[in-house]
Amino acid sequence: AQSVTQLGSHVSVSEGALVLLRCNYSSSVPPYLFWYVQYPNQGLQLLLKYTTGATLVKGINGFEAEFKKSETSFHLTKPSAHMSDAAEYFCAVVGGGTSYGKLTFGQGTILTVHP
Amino acid sequence: SQTIHQWPATLVQPVGSPLSLECTVEGTSNPNLYWYRQAAGRGLQLLFYSVGIGQISSEVPQNLSASRPQDRQFILSSKKLLLSDSGFYLCAWSVQDTQYFGPGTRLTVL
């Protein structure tokens, strides 16, 4: 079974500051990890994903995340926040085997960006 | 390229009325399909998933049902809505473990 913990349901940063959204996972099999972003009243948009290979993954809108197996973490970062980054962010994990690609989501982190 | 459609975008229904939400995917074949509900303060809850026509698995016992009459069509239904069915319903499709989401349907049950 898999689980995801997102530390901090709300994160607030100033425009231009570093964005760091934390995600820790638990998985009994090698995980595939994802970050999604959701703007109000919209569906989820895939930001980036880790499956295999390079542990530093770059996504859209200047975001990146690093898979750290020893820390069971997949934190999302962006060097400089923009007002348009204000949204809710979800970390998710899927395991192999017969999971049929079923994602397990974290509870989400709402990012607020102040001018 | 692949696209996913959901309709209606918003819906207001009285308690006890029936429900039918539709999701269609274009540009891919034999996708896995999923229905999620997002209720206030409760995160994303997987309701149903399907790996093929007529193959539906339920994740949570509830007042809802799902059907997949065609390869790229996924329908969420209810015979009698409850207040607790209110929420934002998201359809998703996947190939090779990456899920892509539709725009969602906002359902309000009064």
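Scanning for something away from chain A (no Cβ under 14 Å), over 11 Å from the mean Cα position of the chain (by Cα) and surrounded by fewer than 20 Cβ atoms within 10 Å (Cβ to Cβ), does segment B:27-35 turn up at least one residue?
Yes: segment B:27-35 contains one or more residues that are away from chain A (no Cβ under 14 Å), over 11 Å from the mean Cα position of the chain (by Cα) and surrounded by fewer than 20 Cβ atoms within 10 Å (Cβ to Cβ).
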Worksheet entry | Number of the exception - B:Arg42 against (1) part of a loop (DSSP other than H, G, I, E, B); (2) within 8 Å of another protein chain (Cβ to nearest Cβ) | (2)
Worksheet entry | B:Tyr49 vs. criteria touching a residue at least 12 places away in the same chain (Cβ under 8 Å), among the hydroxyl-bearing types (Ser, Thr, Tyr) and in contact with a Cys (Cβ under 9 Å, 6 or more places away or on another chain) | no
Discussion item. For segment B:91-110, which positions are in a strand (DSSP E or B), modelled with pLDDT of 95 or more and over 17 Å from B:Gln6 (Cα atoms)?
Written reply: B:Val109
Item to complete: Could you list, in sequence order, all residues of segment B:1-29 that are assigned to a loop (DSSP other than H, G, I, E, B), in contact (Cβ under 8 Å) with a residue 60 or more places away in the chain and farther than 17 Å from A:Asn41 by Cβ?
Response: B:Gln2, B:Pro14, B:Val15, B:Gly16, B:Ser17, B:Pro18, B:Thr28
Worksheet, complete the sentence: Inside segment A:1-48, the number of residues satisfying the requirement of being within 10 Å of the chain's Cα centre (by Cα) and charged (D, E, K, R) is 1
Practice prompt. Give B:Val25, B:Val95 a once-over and let me know the one that is closer than 24 Å to A:Leu33 by Cα, out of contact with any strand residue (DSSP E or B) (no Cβ under 6 Å at 6 or more places or on another chain) and hydrophobic (A, V, I, L, M, F, W, C).
Written response: B:Val95
Item to complete: Within segment B:64-93, count every residue that is within 12 Å of chain A (Cβ to nearest Cβ) and either aromatic (Phe, Trp, Tyr) or surrounded by fewer than 21 Cβ atoms within 10 Å (Cβ to Cβ) (or both).
Response: 3
Practice prompt. Could you please find all residues in segment B:1-47 being in contact with a Gly (Cβ under 6 Å, 6 or more places away or on another chain), modelled with pLDDT under 95 and among the hydrophobic types (A, V, I, L, M, F, W, C)?
Written response: B:Ala39
Worksheet item: Can you tell which of B:Leu21, B:Leu44 is within 10 Å of the chain's Cα centre (by Cα) and buried (at least 16 other Cβ atoms within 10 Å of the Cβ)?
Response: B:Leu21
Practice prompt. Could you list all residues from segment B:57-98 that are under 29 Å from A:Leu48 (Cα atoms), of a type in the set (A, V, I, L, M, F, W, C) and under 12 Å from the mean Cα position of the chain (by Cα)?
Written response: B:Phe74, B:Ile75, B:Leu76, B:Phe88, B:Leu90, B:Cys91, B:Ala92, B:Trp93
Worksheet entry | Complete set of residues in segment A:48-90 that are among the polar types (S, T, N, Q) and touching a residue at least 60 places away in the same chain (Cβ under 8 Å) | A:Ser80
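The values are calculated or read from the model by the stated rules, or taken from the named source; none is laboratory data. These numbers were taken from a predicted model, which means no experiment stands behind them. Positions of Cβ are backbone-derived with ideal geometry, glycine not excepted, and every protein chain shown enters the neighbour counts.
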